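Laboratory data are not the source of any read-out in this text; all were calculated from the coordinates shown. Please read these numbers as outputs of a predicted model, since none were measured by experiment. Note: ideal-geometry Cβ built from the backbone for every residue, glycine included; neighbour counts use all protein chains shown.
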2 protein chains.
Amino acid sequence: MATNTDNIRLSFDEVRQLAEQPLLNCGISREHADAMADVVALAEADEARSHGLYRIPGCVQAVRSGKVAPRAEPEVTASAGAVVRMDARCGFALYPLRAGQPLLVDKARQFGLAALALNNCYHFSALWADVERLAESGMVALSCTIGAHNVALAGGSAPAFGTNPLAFAFPRGAGRKPFVFDLSSSVVAKGEIELRRRSGMPLPPGWAVDREGALTTNPDDALNGAILPFGGHKGAALGLMVELLAGPLIGDLRSAEALAIDTHDGGPLRGGYLMLAIDPRHFGGGPGKMEDADAWLTSLAEQHQPARLPGTRRHAARQRSLAQGICIPRVLYDQLLELC
Amino acid sequence: MATNTDNIRLSFDEVRQLAEQPLLNCGISREHADAMADVVALAEADEARSHGLYRIPGCVQAVRSGKVAPRAEPEVTASAGAVVRMDARCGFALYPLRAGQPLLVDKARQFGLAALALNNCYHFSALWADVERLAESGMVALSCTIGAHNVALAGGSAPAFGTNPLAFAFPRGAGRKPFVFDLSSSVVAKGEIELRRRSGMPLPPGWAVDREGALTTNPDDALNGAILPFGGHKGAALGLMVELLAGPLIGDLRSAEALAIDTHDGGPLRGGYLMLAIDPRHFGGGPGKMEDADAWLTSLAEQHQPARLPGTRRHAARQRSLAQGICIPRVLYDQLLELC
């Protein structure tokens, strides 16, 4: 374990343990803590800090405040046709998503495509881990959930919908990571603004408006105002789509409703999660076509530099982290040790 | 029929006839011409000119060049589980999409969600008409197809994928148009650049790069270079997703392959089309939740002005057009009369 003044370097397993122990200590069941620590450690390895260890204290607080049920056992409430419905019973989302995956994949193999709708869950962290795992079992995967009620319509000045992430993964050839992206409907994830607020950094212009609707670079003003949608009205349209799919379609909360019942303990918001799995073998995308797609993605990455494909930076960071260890800010490390 | 120097005002039925007659005259079957004229007239009524009458001469050319089979009868090639596969047999796409819709809806009602993969078709015009029709039968609808191979990755300087439109529709209450959007992966649809080229107008900055990768406002240079993705890397990610879904996944062409076999007659490109239908009744989004979504969208539209919801401008234009008629440039009118 190497150190310098501000950072500390840990192995993947040490990071994973630093994520898991505080969760177990506050009464979260082994199944939940296991799924959560896997995703948090992966986010740190991928250098996607806003989905990493800094979320752990919030998860602990969300249990202590009584908001999240730490030992909730997810229940399959319906499994007719190509749809699996699960109730997380007010627990965290990652364990139910992992537990429901085999049933989702079985249905996709049987019917060609299938959906998993998870209700009453608390999702934190990135969605890419969920879809990447599905793609590694050969499925094309699409998922979305409701995010913080903080994003304005293009030309608007107040929050109209959530940061509403949408993730997609497409399987690639043996030994290659799936094509994966995970994008919020906002110019940036709220976590990026939160991280800048904590470190006292201003925002780049164009990220947010204050509560009067004026552009602002102040993180506090942005968090009290609204984040702008990415790509103007197109990003707003996608954000509204996710709000409808992961909210009313599956009988769950909209982002404003989730905010209204939240206890503001720093933990995640309650809401729904929708995941689709598509089996290429039912669609004509046989081995030849899927190999062709793989070769195409490889050639795109080579021929269009310095432009990058989605996921490239993350996967490169993961390789580096597994070889050289992961740098964690000492202040965060100390905070987590206190919870261990 | 009122006229002035540059424009001519027609009724919806007159526009529809102006679209249909040239198609019938060049040998396109009644079923195809009917579906195509409906969508073209709707685009004109919605004041979405780039999907309207100006496409008709290209469709005629595409038949005359021998590229598109004008009387192709689509064939259902597979219908197992929740997946309908159809072969358009190198005909236009709109009639097969309309013909396949009842089977798609039946499967969505049976399994909760279903997919229609259409191969070897020539799709022109907007996708919103396809998803709007599905939403009017109570389905949540998502569709995509390959567009012109003209869009660069964020930070790239050459076309990497197509304009790849993605459309979505969500049913609303009785008497209200569905929530609908239809967006290309590029900052603008290629048709918008084409229209400006024809009328000698420069492009707004930020739309495109020339073949050296430099930003350009010249439509010709843009058409020889690349259009930029909307929203930077996020729009590019979505464009790549559509390319994978409507291409390799369903065993069909990528945009570069479609370009390579095109005859450059001004008509549409060959390729695949993927459409998903989701039945809310299988997902917990019962009447209460769907009504709540409807009320929410109404309140958004009222409370966030001047910001607009997707589709608002189009639906308002349609209402106006049906009452007052549709303005068509005289030069286009004369061109179409010659084909009638």
### Residues of the stretch A:231-252 satisfying the condition of being in a loop (DSSP other than H, G, I, E, B) and either more than 8 Å from every other protein chain (Cβ to nearest Cβ) or under 23 Å from A:Ala88 (Cβ atoms) (or both)
A:Gly247, A:Gly251, A:Asp252
### Task
Just name the residue that is nearest to A:Asp87 (Cα to Cα) out of those in the stretch B:271-290 that are more than 10 Å from chain A (Cβ to nearest Cβ) and surrounded by 24 or more Cβ atoms within 10 Å (Cβ to Cβ).
B:Ala277
### Query
Mind checking which residues of the stretch A:295-321 are facing another protein chain (nearest Cβ under 9 Å), in a helix (DSSP H, G or I) and surrounded by fewer than 18 Cβ atoms within 10 Å (Cβ to Cβ)?
A:Gln303
### Message
Tell me whether the stretch A:154-161 contains one or more residues that are under 16 Å from the mean Cα position of the chain (by Cα) and not basic (Lys, Arg).
### Response
no
### Task
Answer with yes or no whether A:Ala33 is more than 14 Å from every other protein chain (Cβ to nearest Cβ), touching a strand residue (DSSP E or B) at 6+ places or on another chain (Cβ under 7 Å), buried (at least 24 other Cβ atoms within 10 Å of the Cβ) and under 30 Å from A:Arg198 (Cα atoms).
no
### In the stretch B:152-186, the residues that are in a strand (DSSP E or B), within 11 Å of another protein chain (Cβ to nearest Cβ), in contact with a helix residue (DSSP H, G or I) (Cβ under 7 Å, 6 or more places away or on another chain) and under 21 Å from B:Ala48 (Cα atoms)
B:Leu166, B:Ala167, B:Phe168, B:Ala169, B:Phe170, B:Phe179, B:Val180, B:Phe181, B:Asp182, B:Leu183
### Query
Restricting attention to the stretch A:93-151, which residues are in a strand (DSSP E or B), within 11 Å of the chain's Cα centre (by Cα) and not small (Gly, Ala, Ser)?
A:Cys144, A:Thr145
### Query
Does the stretch A:192-200 contain at least one residue that is under 30 Å from A:Val331 (Cβ atoms) and more than 21 Å from the chain's Cα centre (by Cα)?
yes
## Note on the structure
Residues of the stretch A:41-96 being on the phi < 0 side of the Ramachandran plot and acidic (Asp, Glu), in sequence order, are A:Glu44, A:Asp46, A:Glu73, A:Glu75, A:Asp87
### Message
I want to confirm something. Restricting to the stretch B:253-270 and keeping residues that are assigned to a helix (DSSP H, G or I), touching a residue at least 24 places away in the same chain (Cβ under 8 Å) and more than 10 Å from every other protein chain (Cβ to nearest Cβ), which single residue is surrounded by the fewest Cβ atoms within 10 Å (Cβ to Cβ)?
### Response
B:Leu259
